[in-house]
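Please read the structure below before turning to the comments.
Every read-out reported here was derived from the displayed coordinates using simple, explicitly stated rules and does not represent laboratory data. All values derive from a computational prediction rather than experimental measurement. Because the Cβ atoms are built from the backbone with ideal geometry, glycine has one as well, and the counts that use them run over all protein chains shown.
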Amino acid sequence: MPDKTDRKEQIWLTLFLLVPVLILVRLSDIFAESNTGKFFFAGLFGAIGGLLGFGLYHFVKASSFLKKSITLTILLLVSISILYLVSESKKSNLLTCEVCGYKSINSKDSICQVCETKPWERFKNWKAFEVKRDYIEYNQLLFFGIDSLNQKIDFYSPQTIKTFDKDNNWKPILTAEKIREDFLLE
Ligand SMILES: [Zn+2]
């Protein structure tokens with residue numbers, strides 16, 4: 001029955017393509033900040049994953065079900081390992097945001113990926129804030145602001161947001177008293 005065999009092979013090929021493509025495409029989130037960049041990297045890593053899967057499929061095409069399954073499992077594990085290792089190594093290079101205290105800034109000139117504060121260097125000539133300290137404090141009020149006086153203020157919680165960890169060596173300029181004062185003024 002050639003039809004049934006064909007369909008089976010199509011399923012195998014689809015699996016060999018989908019597994020690496022779907023996992024490696026996620027690398028684009030790690031590499032790019034802008035949507036254009038993400039689009040580019042998603043295409044690039046998707047293509048690499050596709051080639052890898054396609055090549056492997058042809059390598060084991062004539063093999064038994066067991067050998068194909070093992071190869072597919074290895075492909076899955078290798079893809080996940082690549083994603084994990086790349087994201088871990090990228091994480092260790094992140095800078096701590098002075099505003100929110102998360103290790104969430106790619107480079108000196110990038111926007112924080114947690115509180116979305118822009119680098120002070122872009123504002124220092126605008127005269128809106130006299131000194132950097134005022135700029136940091138203003139943004140901390142936005143980020144740590146409360147909705148009611150009963151709300152608990154904890155600068156170190158949660159420990160992780162969107163995979164970004166808090167740097168426990170970081171210290172806020174803002175105090176809990178100042179946040180409450182600010183709330184009462186509003
Ligand atoms: Zn931040």
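Could you give the length gained on full extension between residue 142 and residue 63, defined as 0.36 nm per residue of separation minus the Cα-Cα distance, in nm?
22.4 nm
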Just to confirm my numbers, what's the Cα centroid distance between the range 66-106 and the range 126-186 in Å? 30 Å
Cα gyration tensor shape of the range 60-110, rounded if a/c is under 1.5, else prolate or oblate by comparing a/b with b/c: prolate
For residue 61, the lysines lying under 18 Å Cα to Cα, once residues fewer than eight places off in the same chain are dropped, come out as 4, 8
With respect to the cross-link table entries 90/162; 127/166; 118/162, which display a Cα-Cα separation exceeding 24 Å? 127/166
Which residue, 46, 145, 101, has the most motion in a Gaussian network model of the chain that connects Cα atoms within less than 10 Å? 145
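Which order do peptides 12-23, 69-80 fall in by mean Cβ count within 10 Å, highest first?
Details: 12-23: 18.1, 69-80: 15.0.
For the peptides 12-23, 69-80, the packing ranking is 12-23, 69-80.
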Here FRET efficiency (C-beta to C-beta, residue 35 to residue 151, R₀ 30 Å, nearest 0.05) is 0.30
One computes Rg over Rh for the chain from alpha-carbon atoms, with the Kirkwood Rh, and obtains 1.20
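Provide the net charge surrounding residue 160, with neighbours chosen by a C-beta distance below 13 Å and charges set as Lys +1, Arg +1, Asp -1, Glu -1. Before the final figure, lay out the partial values.
Values: positive: 91, 103, 162, 166; negative: 165, 167.
Neighbour charge sum, excluding residue 160 itself: +2.
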